[in-house]
Amino acid sequence: MNEISANFDRRTFLKGGLAAATAAAAGSMLAACSPQSPTSTATNNADRQDSENIDGAVEGAGRVSPGYSNPDAIAIPVDPDAVEDVDVVVIGSGMGGFAASMLTKEQAPDAHVVMLEKQNTLGGNTSFAEGGGGFLNMTPAEAVKAVQAEVIQRNFVVDPSLFYALKIQQGDCADWLFGKHHVVVKDYGSGQPLYDGGTGASMIATLTPQAEELGVDIRMESRATALVLEDEYNVTGVQYRDKDGKVTQLNAKAVVIASGGMNTNPELLELYSNVDLNKIMPLGIGQDGDGHLMAEQTAHGRTGLQTIDGFFAGIGTAEDPCGFDSDLNTAAGFQFSDCFVNEYGNRFYDESFSFNTGSQLFFTCIPQMVLSQSQAYSIFDASYIQRWEAGEWQNGHNGFDSATKQGQPLTVQPEIERVSGSSWFHQADSIEALGEALAETVPGFSVENFVATINAYNAAAAGEQPDEFGKPQEFIWALQTPPFYAAKLGVNAYNTNGGIHISKDAQVIDPDGKPIVGLYASGIATHGWDSQVYGGGTNQPVALWCSCVAARHIVENQLGGTFAEDWMGDVPMSSILGSDYANGNPLGHGDE
């Protein structure tokens with residue numbers, strides 16, 4: 001039975017040689033089973049995660065994210081069932097994973113490059129991404145201006161040096177992906193070009209056969225569980241567990257963490273986030289924070305605050321979401337014509353505020369407004385449902401839908417019937433009765449305030465008085481047609497962002513900026529790109545850029561090779577998007 005290396009000192013814990021670790025900790029190792037050699041028969045997950053070993057995992061997990069129960073024993077090396085020598089291991093098969101694997105293999109054809117994916121499908125959250133970002137290199141002067149805008153948009157809690165490096169190199173990265181590797185990108189009228197069909201699934205489908213032809217060793221249902229270290233500044237490989245519970249150790253010259261965020265692991269996210277997670281309705285798959293925990297095995301130390309990349313408001317709760325793909329969720333949470341009230345029965349801002357600013361922040365500031373309130377509800381009535389089902393709405397559930405499906409009816413009434421029994425959903429025959437129902441759920445809710453708020457809203461809709469928050473009349477839909485409804489608001493969280501600090505070569509670094517040799521990180525697992533306000537259009541370009549610069553550094557420094565100057569190919573984005581295409585300013589005030 002494989003034994004978790006949990007009870008020896010930190011220095012011994014960091015060592016990659018499990019035999020040495022076992023010897024050093026012989027007196028304090030778990031006594032449940034005897035250590036076995038790398039050639040021993042693998043045990044299944046149930047054996048490896050029995051109650052005694054879970055206890056050991058918890059103790060070992062104190063070195064990574066104290067307070068986390070660590071049920072899967074991530075970042076705790078074990079005595080492996082098999083050992084292989086490879087050159088490069090990439091953890092994750094999204095944008096970051098494919099780019100790092102393929103570009104490294106292209107530039108070092110003889111290298112054995114392994115890409116690990118813990119799911120039984122490839123792509124991770126990239127399969128749901130739309131695209132976004134800059135497609136052309138910027139001049140230094142353009143980059144300075146663009147970085148200033150990015151910093152403002154993200155509330156100054158970003159690393160401008162990383163943004164600057166990305167801006168002056170993003171075009172080369174885009175040329176490699178879209179030009180050299182024929183990933184299709186189209187302008188659907190959403191404000192920026194998107195992947196073919198509106199999701200990254202088309203990109204993954206395009207890249208997969210090319211990666212296989214290059215010779216990338218793709219291993220699915222293979223969850224990376226722990227780094228292998230010579231010491232806390234030198235990574236020498238990674239361990240992964242397959243679907244049968246077998247643990248394989250891959251000794252490697254470089255490891256790239258491209259495993260995404262921790263959106264789908266609420267227990268871990270609670271330790272790294274500063275928002276009310278009861279309001280967060282996570283999207284995506286496999287965003288469990290594995291890469292963050294593994295980085296904490298090294299001198300990097302604790303990874304940073306996880307920000308929530310929210311997209312509009314959503315309805316429901318973390319435990320009982322309406323569902324991101326639900327038309328009711330889109331209708332009641334995404335529209336400028338929605339009416340939101342807080343725990344006191346009052347509206348708290350102009351629900352179309354971001355539209356009025358002319359800013360591209362419209363879909364990312366709304367979640368923060370909702371999170372600013374202790375409780376918030378979307379209020380609508382029968383007339384809203386009629387208008388939604390007649391095709392009257394402003395925003396689809398993503399940019400692709402907003403651009404291509406305007407005027408198409410939403411299916412709302414069946415969704416109301418589906419959620420009618422949910423604790424977060426209320427229906428009444430009058431505004432006063434709806435307020436009374438909310439007051440039973442929210443102790444501080446004032447029925448009097450609520451009735452006055454809706455009366456004032458209706459007066460503004462009729463043009464009898466200005467809206468108290470200045471909302472344009474075109475977006476003020478009267479609430480006068482029973483039945484009336486209230487749906488609890490939360491945040492549709494695409495993912496988290498932040499955590500692992502990196503250099504401009506995507507090397508993982510310690511708190512003083514010293515690199516961890518052999519360890520790189522890419523995409524939303526990395527720190528420096530977003531604050532509590534998700535800037536939008538960041539994640540895919542960040543993953544692409546991180547992996548491109550990581551591949552160069554790996555080839556030149558870890559593999560001892562050379563990186564071709566024409567690595568990006570000979571098909572520039574200007575020939576794909578047109579010579580008149582220009583990178584847009586993220587604040588929406590002209591070109592960058």
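The values are calculated or read from the model by the stated rules, or taken from the named source; none is laboratory data. Predicted model, so just to flag it, every value in this text is computed and none were measured. Heads up, the Cβs are rebuilt from the backbone with ideal geometry, glycines too, and the neighbour counts pull from every protein chain shown. Heavy atoms of the whole protein, side chains included, go into the accessibility calculation; ligands, DNA and RNA do not. Shrake-Rupley method; radii C 1.70, N 1.55, O 1.52, S 1.80 Å.
Key figures
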item: Meets criteria (closer than 19 Å to residue 486 by Cβ, of a type in the set (D, E, K, R), without any contact (Cβ under 8 Å) to a residue 60 or more places away in the chain and open to solvent by 20 Å² or more (accessible area, probe 1.4 Å)) for residue 464; result: no
item: Residue that is in a helix (DSSP H, G or I), buried (at least 24 other Cβ atoms within 10 Å of the Cβ) and at pLDDT 95 or above, where the choices are 101, 202; result: 101
item: Hits in segment 524-538 (condition: under 15 Å from residue 165 (Cβ atoms) and at pLDDT 90 or above); result: 526, 527
item: Tally, over segment 258-295, of residues that are acidic (Asp, Glu) and surrounded by fewer than 22 Cβ atoms within 10 Å (Cβ to Cβ); result: 3
item: Residue 151 vs. criteria among the β-branched types (Val, Ile, Thr) and modelled with pLDDT of 90 or more; result: no
item: Residue selected from segment 162-187 under the condition basic (Lys, Arg) and at pLDDT below 95, by the criterion most open to solvent (accessible area, probe 1.4 Å); result: 186
item: Pairs where the first residue, in segment 63-77, is open to solvent by 50 Å² or more (accessible area, probe 1.4 Å) and the second is in a loop (DSSP other than H, G, I, E, B), C-beta under 6 Å, 6+ apart; result: 67/271
item: Pick from segment 156-185, criterion among the charged types (D, E, K, R) and either over 23 Å from the mean Cα position of the chain (by Cα) or part of a loop (DSSP other than H, G, I, E, B) (or both), ranking: nearest to residue 501 (Cα to Cα); result: 159
item: Answer from 487, 493, 506 - the residue that is touching a strand residue (DSSP E or B) at 6+ places or on another chain (Cβ under 7 Å) and under 23 Å from residue 560 (Cα atoms); result: 506
item: Selected residue [in contact (Cβ under 8 Å) with a residue 40 or more places away in the chain and open to solvent by 10 Å² or more (accessible area, probe 1.4 Å)] from 450, 425; result: 425
item: From the options 213, 221, residue that is farther than 25 Å from residue 498 by Cβ and free of Cβ contacts under 8 Å to residues at least 40 places away in the same chain; result: 213
item: Unique match (being modelled with pLDDT under 95, of a type outside the set (Asp, Glu) and either over 21 Å from the mean Cα position of the chain (by Cα) or part of a helix (DSSP H, G or I) (or both)) among 511, 482, 541; result: 541
item: Segment 320-355 - residue that is within 15 Å of residue 492 (Cβ to Cβ) and of a type in the set (Asp, Glu) and, of those, nearest to the chain's Cα centre (by Cα); result: 325
item: Which numbered condition residue 314 misses (of (1) in contact with a strand residue (DSSP E or B) (Cβ under 9 Å, 6 or more places away or on another chain); (2) open to solvent by 10 Å² or more (accessible area, probe 1.4 Å)); result: (2)
item: Residues satisfying the stated conditions in segment 256-305, i.e. within 27 Å of residue 513 (Cα to Cα) and part of a helix (DSSP H, G or I); result: 268, 269, 290, 291, 292, 293, 294, 295
item: Whichever residue in segment 215-255 is over 24 Å from residue 505 (Cα atoms) and not in a strand (DSSP E or B) and, among such residues, is most open to solvent (accessible area, probe 1.4 Å); result: 243
item: Selection status of residue 567, open to solvent by less than 30 Å² (accessible area, probe 1.4 Å) and either outside any helix (DSSP H, G or I) or β-branched (Val, Ile, Thr) (or both); result: yes
item: Matching residues in segment 338-364 - criterion: being surrounded by fewer than 18 Cβ atoms within 10 Å (Cβ to Cβ), modelled with pLDDT under 80 and not hydroxyl-bearing (Ser, Thr, Tyr); result: 355, 356, 358
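Matching residues to (1) in contact with a His (Cβ under 9 Å, 6 or more places away or on another chain); (2) not hydroxyl-bearing (Ser, Thr, Tyr):
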{"residue": "510", "(1), (2)": "yes, yes"}
{"residue": "542", "(1), (2)": "no, yes"}
{"residue": "547", "(1), (2)": "no, no"}
{"residue": "558", "(1), (2)": "no, yes"}
{"residue": "562", "(1), (2)": "no, no"}
